[in-house]
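Participant: Dropping the structure in here first, questions after.
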Amino acid sequence: MSYQSFIDRLVGQSGVVVQTVPGLGVGTGVVKVSGQVWSAETEWPEELAPGTPIMVAGRSGLVLSVLPEGGQHYER
């Protein structure tokens, strides 16, 4: 049986932005996913404002990588 940490299980889950997440990975903001608050970053070209629905696309350590819900992966 393989072990999957709680944070890994957040990938693919929906949430909402609590504190602005700057665009293009230039900093971190705060999101709420599965009832918990997490630091988050995005490669999306625009900042994600509070209240924006998001999807968890991945993680780096304890920082979630998010996209706006319905957004596709963005290549710089």
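The values are calculated or read from the model by the stated rules, or taken from the named source; none is laboratory data. It should be emphasised that the depicted structure is a prediction, and the values quoted were computed from it without experimental measurement. As a convention, Cβ positions derive from the backbone with ideal geometry for all residues, glycine included, and neighbour counts pool all protein chains shown.
Participant: Take residue 50 and decide whether it is outside any strand (DSSP E or B), modelled with pLDDT of 95 or more, surrounded by fewer than 12 Cβ atoms within 10 Å (Cβ to Cβ) and not aliphatic (A, V, I, L, M). Write out each step before concluding.
Facilitator: Working: outside any strand (DSSP E or B): yes; modelled with pLDDT of 95 or more: yes; surrounded by fewer than 12 Cβ atoms within 10 Å (Cβ to Cβ): no; not aliphatic (A, V, I, L, M): yes.
The answer is no for residue 50.
Residue by residue, here is whether (1) in contact with a Lys or Arg (Cβ under 9 Å, 6 or more places away or on another chain); (2) assigned to a strand (DSSP E or B); (3) touching a residue at least 24 places away in the same chain (Cβ under 8 Å); (4) crowded, with 16+ Cβ neighbours inside 10 Å holds:
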position: 4; (1), (2), (3), (4): no, no, no, no
position: 16; (1), (2), (3), (4): yes, yes, yes, no
position: 27; (1), (2), (3), (4): no, no, no, no
position: 54; (1), (2), (3), (4): no, yes, yes, yes
position: 59; (1), (2), (3), (4): no, yes, yes, yes
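Participant: While we're on this one: Here is a list: 38, 44. Which entry is crowded, with 18+ Cβ neighbours inside 10 Å and either acidic (Asp, Glu) or not in a strand (DSSP E or B) (or both)? Give the derivation first.
Facilitator: Numbers: 38 fails: either acidic (Asp, Glu) or not in a strand (DSSP E or B) (or both).
On inspection, the qualifying residue turns out to be 44.
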